[in-house]
2 protein chains.
Amino acid sequence: MNGVRKGYVRPLDLRHGSVDMTHGSGGRAMAQLIEELFARHLGNRFLGQGNDGAVMPMPPGRLVMSTDGHVVSPLFFPGGDIGCLSINGTINDVAVLGATPLYLAAGFILEEGLPLADLARIVESMARAASAAGVPVVTGDTKVVQRGAGDGVYITTTGVGVVADGDDFSGDRARPGDQVIVSGSIGEHGMAIMAQRESLGFSASIVSDTAALHGLIAAMRASGAAIRTLRDPTRGGVATTLNEIARQSGVGMMLQESALPVQTEVAAACEFLGLDPLYVANEGKLLAIVAPEDAARLLAAMRAHPLARRAALIGSVHADEHHFVQMTTTFGGRRIVDWLTGEQLPRIC
Amino acid sequence: MNGVRKGYVRPLDLRHGSVDMTHGSGGRAMAQLIEELFARHLGNRFLGQGNDGAVMPMPPGRLVMSTDGHVVSPLFFPGGDIGCLSINGTINDVAVLGATPLYLAAGFILEEGLPLADLARIVESMARAASAAGVPVVTGDTKVVQRGAGDGVYITTTGVGVVADGDDFSGDRARPGDQVIVSGSIGEHGMAIMAQRESLGFSASIVSDTAALHGLIAAMRASGAAIRTLRDPTRGGVATTLNEIARQSGVGMMLQESALPVQTEVAAACEFLGLDPLYVANEGKLLAIVAPEDAARLLAAMRAHPLARRAALIGSVHADEHHFVQMTTTFGGRRIVDWLTGEQLPRIC
């Protein structure tokens, strides 16, 4: 990916061109795609090393590593696209483990025929997201599959970060009495995708919440609150993520339906499509389990951050050998908030 | 990915079952797939942490990171499959940068309808390769796309390793006078795939050379030879890799065709298909550029290792402002060994 001139006959046609099989060959066309598109937008001193991997300084601490494939359809949606989603999602997976995200790797699987203009738009979006988050894409890979063996572009992003000894926000640390906080209104990412797929006119105002949350997490930690667990409720939504934590920690949880922040448009679109916002993916929200005495302090710190203005205390943890997540409904009843079974929203991220 | 019982109605049907959209939902079916297939075979204490990422100890040094998407078709081929290929390939990309490979992440994009038996066979192969190499898969991700939006399974593997300060085998270090060594006979991986695709009966004996090379590299380094550059000649083959090094280092190279190790069956299959083995992918070979005075010592050290018995000195580096790679043919002529242009072998890795 270095800048030495290689004498291409002509530059890539980013307006009318499209991906063809030569762009995955390992030869001249691939080198040109890397140079004129990927390196141009994502370029930094690590990516510029030009080897099949990158070498970077590493501060002391434990290593955190997370990977996520992105197959969202459509590629572009209100509030974002597969590019920024693939950056933010992986940063969040690293950050919720208490780590400072440091570096990203991106693997592209391109379908023959993808307009280069679409790819450029996606890579520009990745570059903006990476730059805004301060986490560079240091290495990458490009493969091309024939028409009909892919769907435009799939991006697998891997993130690494560093976490100090003793910092631990993993899913097995919830204890009876702890409080459950969500950083904002739920279901927006999933419903932005669904509204676009289903052409729901009345839902045009729903935009994905895709965002990198490491800044918010830093602010939460600076509050000094005893945070037990952090997790971003993506696929499967808040319900599935809380079930995972309940299982890992060996506890039960009780949610208050009336406390769940849901935008009016999201609630309406969910009702129209027969979906429950508790199971709908978020891409810029987090769940925090916090010691009871620190819940108010943490909530105040979160609400002071632009990405968590609508943070809310939505429930609490209790002992339960069945590890059930339950909810007190707005009508005063109780129901079990089970794991997602079946497939509610395919290819949402 | 922890082992707490979740009360699945029945275990995965690994004999007759197939991947469906629920396996990518983030819900119960996905958790079952992870537990009964991925964690069962790949399990280790990091993968077992059960979060959306893993936390591991990190020795001091610089961090090396590399990522590679694997889209090889067919999924199973003589000598290997997409599973072991995805492990070995990424280990090699980390190792040729002089690093000790430490951890791997694997992102799966599964096509609806993929037989679970095939997936199990692939994951078992990954587990064997990771175990043999001593490099664990510490975190992963699974997405499912609809029938016709993928091709069985794509695997993007990311590796991290650690490299000491001062160790540098990057592509910009070749100098005039240096010698070029290849670790063994070339073109086997690519021709194993092509022979299977084209049903070339006479080529049944060609098997992929897929192998993890970090042990060989350790032996090479232990020889004390002044290694300038290491690179694994995968997509685009030896020709493309040497052109990349020539460009990065700003030098020319002269190869000796008679010195190139090529198996008889590979040469025959290449001739039949009109391919040049110099451009055919390898998955268990490396190229080393070495100081002239150390070439014999390095060659001896390589030939003492099981993965480089047929290592050969194939050329030398010289000053050339055009950065041409040339070859003295067996007939005594000279030709330019250009970059691969066009697509010789689609989806070879």
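The values are calculated or read from the model by the stated rules, or taken from the named source; none is laboratory data. The model shown is predicted, which means the values in this text are computed figures rather than measured ones. Virtual Cβ from ideal backbone geometry, glycine too; neighbours counted across all protein chains shown.
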Taking the range A:269-283 and keeping residues surrounded by fewer than 24 Cβ atoms within 10 Å (Cβ to Cβ) and more than 14 Å from chain B (Cβ to nearest Cβ) leaves A:Cys270, A:Glu271, A:Phe272, A:Leu273, A:Gly274
Give the residues of the range A:153-174 that are in contact with a strand residue (DSSP E or B) (Cβ under 6 Å, 6 or more places away or on another chain) and at the interface with chain B (Cβ under 8 Å from one of its Cβ atoms), sorted by residue number.
A:Tyr154, A:Thr156, A:Thr158, A:Gly159, A:Val160, A:Val162, A:Val163, A:Gly171
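When the range A:66-98 is examined, which residues are found to be of a type in the set (A, V, I, L, M) and either more than 12 Å from every other protein chain (Cβ to nearest Cβ) or under 13 Å from the mean Cα position of the chain (by Cα) (or both)? So that I can check it myself, show each step before the final result.
So the first thing to find is which residues in the range A:66-98 are of a type in the set (A, V, I, L, M), and the list is A:71-72, A:75, A:82, A:85, A:87, A:91, A:94-97.
Scanning the range A:66-98 gives A:Val71, A:Val72, A:Leu75, A:Ile82, A:Leu85, A:Ile87, A:Ile91, A:Val94, A:Ala95, A:Val96.
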Mind checking whether some residue in the range A:249-267 is at pLDDT 95 or above, part of a helix (DSSP H, G or I) and either within 13 Å of chain B (Cβ to nearest Cβ) or within 21 Å of the chain's Cα centre (by Cα) (or both)?
yes
For A:Ala212, indicate whether it is aliphatic (A, V, I, L, M), surrounded by 20 or more Cβ atoms within 10 Å (Cβ to Cβ) and touching a His at 6+ places or on another chain (Cβ under 6 Å).
no
Here is a list: A:Ala219, A:Ala246, A:Ala164. Which entry is in contact (Cβ under 8 Å) with a residue 60 or more places away in the chain and touching a helix residue (DSSP H, G or I) at 6+ places or on another chain (Cβ under 8 Å)?
A:Ala219
Just the residues that are surrounded by fewer than 16 Cβ atoms within 10 Å (Cβ to Cβ) and touching a helix residue (DSSP H, G or I) at 6+ places or on another chain (Cβ under 6 Å), please, taken from the range A:328-349.
A:Thr329, A:Thr330, A:Thr341, A:Gly342
Quickly run through the range B:36-59 and pick out the residues that are more than 18 Å from B:Ala130 (Cα to Cα) and more than 7 Å from chain A (Cβ to nearest Cβ).
B:Glu36, B:Pro59
I'd like to check something: does the range B:113-121 contain any residue that is of a type in the set (A, V, I, L, M, F, W, C) and within 14 Å of chain A (Cβ to nearest Cβ)?
yes
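Closer than 30 Å to B:Gly201 by Cβ, in the same structural domain as B:Ala192 (by TED's automatic domain parsing), crowded, with 22+ Cβ neighbours inside 10 Å and among the aliphatic types (A, V, I, L, M): which single residue out of B:Val290, B:Val317, B:Val325, B:Val266 fits that description?
Among B:Val290, B:Val317, B:Val325, B:Val266, only B:Val266 is closer than 30 Å to B:Gly201 by Cβ, in the same structural domain as B:Ala192 (by TED's automatic domain parsing), crowded, with 22+ Cβ neighbours inside 10 Å and among the aliphatic types (A, V, I, L, M).
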Within the range B:170-198, which residues are crowded, with 22+ Cβ neighbours inside 10 Å and either free of Cβ contacts under 8 Å to residues at least 40 places away in the same chain or in contact with a Lys or Arg (Cβ under 7 Å, 6 or more places away or on another chain) (or both)?
B:Gly171, B:Ala174, B:Asp178, B:Val182, B:Ser183, B:Gly184, B:Ile186
For the range A:99-108, indicate whether the set of residues that are part of a helix (DSSP H, G or I), β-branched (Val, Ile, Thr) and more than 11 Å from every other protein chain (Cβ to nearest Cβ) is non-empty.
no
